[in-house]
1. Out of the residues in the stretch 316-341 that are away from the ligand (no atom under 16 Å from the Cβ) and of a type in the set (Lys, Arg), which is surrounded by the fewest Cβ atoms within 10 Å (Cβ to Cβ)?
2. Within the stretch 371-409, take every residue that is among the hydrophobic types (A, V, I, L, M, F, W, C) and within 19 Å of Ala269 (Cα to Cα) and give me the one that is surrounded by the fewest Cβ atoms within 10 Å (Cβ to Cβ).
3. Can you tell me which residue in the stretch 228-239 is surrounded by the most Cβ atoms within 10 Å (Cβ to Cβ), limited to those that are within 10 Å of the ligand (Cβ to nearest atom) and in contact (Cβ under 8 Å) with a residue 12 or more places away in the chain?
4. Anything in the stretch 99-153 that is touching a residue at least 60 places away in the same chain (Cβ under 8 Å), under 21 Å from Tyr89 (Cβ atoms) and not hydroxyl-bearing (Ser, Thr, Tyr)? List them, or say none.
5. Can we say Thr147 is surrounded by 24 or more Cβ atoms within 10 Å (Cβ to Cβ), over 21 Å from the mean Cα position of the chain (by Cα) and of a type in the set (Ser, Thr, Tyr)?
6. Of the numbered conditions (1) among the aromatic types (Phe, Trp, Tyr); (2) over 14 Å from Glu256 (Cβ atoms); (3) within 12 Å of the ligand (Cβ to nearest atom), Tyr456 fails exactly one; give the number of that condition.
7. Kindly list the number of the only condition in (1) touching a strand residue (DSSP E or B) at 6+ places or on another chain (Cβ under 7 Å); (2) assigned to a helix (DSSP H, G or I) that fails for Val230.
Amino acid sequence: MSNVFEYAPAPESRSIVEIKPSYGLFIGGEFVDGGGASFKTVNPATEEVLAEVAEGSSEDVDRAVKAARRAYDKVWSKLSGAERAKYLYRIARIIQERSRELAVLESIDNGKPIKESRDVDVPLVAAYFFYYAGWADKLEYAGFGTTPLGVAGQVIPWNFPLLMLAWKIAPALACGNTVVLKPAETTPLTALLFAEICQQADLPPGVVNIVTGAGATGQALVEHEGIDKVAFTGSTAVGKAIARSVAGTRKRVTLELGGKAANIVFDDAPIDQAVEGIVNGIFFNQGHVCCAGSRLLVQESVAEDVLERLKRRMATLRVGDPLDKNTDVGAINSAAQLARIRELSSVGEAEGAEAWSAPCDLPSTGFWFAPTVFTGVTQAHRIAREEIFGPVLSVLTFRTPAEAVEKANNTPFGLSAGVWTDKGSRILKIADKLRAGVVWANTFNKFDPTSPFGGYKESGYGREGGRHGLEAYLR
Ligand code: TAP
């Protein structure tokens, strides 16, 4: 029997997503059994087992890489850019047509609020496919050569399962590569639904292969001799291990890793707007965001006012059922991630910082953590230095712009930052000094397929998105 989830986001509309009891691997255009082992994927809001999913072995990875190679040699590398574009446009349109189904499944498997998967994740997924479809027959204008690399091995995390898939697959295919993608163990279901969409779009078999599994499956993929390119998004620790393992091989690598972004609020900022940006910066997607504004740097003269308004705003956040369209903060993705958030929060208190969260009733089953703000944080505290990847904000203060820049850059990471001020000249001056791949001004967590995204320092290298995103997949 299948699990059938009913979801009625509005009285006039109703949609159902069907989850099969078990899933195989998607290799060579069809769903096939894996070598035998499997794992369970769980709804983090209820702890209910959703499905049994095949755990790809190294033999399975080998089959998938060989299927991708055949598809590359025999079909995909022989198609014109315009022909490839037709498939990508078709996939983009099917994503739009099936967007409700994708959004509901994403929220069930990941725990994110439906209003985010519906209004942010899935529309962006379609937008990335449309955007890169547009490039497929214009690669000579990209400035990076026009020859694809071959077979790409792509490994993605659980925080934006579909969006990370789109960031990886759309540019790779547009440039003429074929792919083997491994989704994260806790969120495999939307990647498998995407595999169905590839079938529906009549994408030639083997152009996209999805091999589910845990870290060992990802390792087998990135270490496979048959791939030409590794694209990885995940933790800095695993990124470093991957960089070591591919050193000295012919493989090209891009790494999108962790972050500890500073969200800097100056005393001339529109405070209510900044408070919205702080809330969006750290509580969007439960703070499971690599570029989350997890360090608030607020100018001393307005710190009290900002904190007071921030707490008032936090008290209005609704935490709970990801499928309720009024929910602002959903479930933590896994028990392991919840344990990590709890551990670092306890460390914060033990080190002398003060935690505050608005009174809120958390469901008794599932993985939950109330939005929390820490004050009295110093730069030496672990909660100011380490990525928590949860709804936990560390607040530090500064007096001068120079001090703000120094504190913002005092991190091994360099993925993103935010600046809130009324002065355009200050935005330009500060942005220039921040060692971060993306700097948002008077906004936060804005994504667009035309913009390159990527890090400095330990946040990785290479860019995804925009024209720059093509470079990673062309010779
Ligand atoms: P990781 O533990 O690094 O996992 C990322 C992916 O790599 C997962 O699919 C994982 O499999 C797989 N993996 C684990 N060990 C591997 C190995 N030795 N070789 C190859 N693949 C391996 O990160 P996570 O916990 O999923 O994600 C959170 C981290 O990702 C955060 O640090 C966050 O900042 C970062 N992140 C960065 C970005 C960008 S764009 N920079 C975006 C999102 C997330 P399993 O999960 O199945 O074990």
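The values are calculated or read from the model by the stated rules, or taken from the named source; none is laboratory data. No experiment lies behind these values; they were computed from the predicted model shown. A quick note on method: Cβ atoms are made from the backbone with ideal geometry, for glycine too, and the neighbour counts reach across all protein chains shown.
1. Arg318
2. Of everything passing the filter in the stretch 371-409, Ala402 is surrounded by the fewest Cβ atoms within 10 Å (Cβ to Cβ).
3. Checking each candidate, the answer is Phe232.
4. Answer for the stretch 99-153, where residues must be touching a residue at least 60 places away in the same chain (Cβ under 8 Å), under 21 Å from Tyr89 (Cβ atoms) and not hydroxyl-bearing (Ser, Thr, Tyr): Arg100, Glu101, Leu102, Leu124, Ala127, Phe130, Trp135, Leu139, Ala142, Pro148, Ala152.
5. Spelling it out, it is not the case that Thr147 is surrounded by 24 or more Cβ atoms within 10 Å (Cβ to Cβ), over 21 Å from the mean Cα position of the chain (by Cα) and of a type in the set (Ser, Thr, Tyr).
6. Unmet condition: (2).
7. All conditions are met except number (2).
Conditions (1) farther than 24 Å from Ile95 by Cα; (2) within 18 Å of the chain's Cα centre (by Cα), marked per residue:
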site	(1), (2)
Ala174	no, no
Phe194	no, yes
Cys198	no, no
Val208	no, no
Gly215	yes, yes
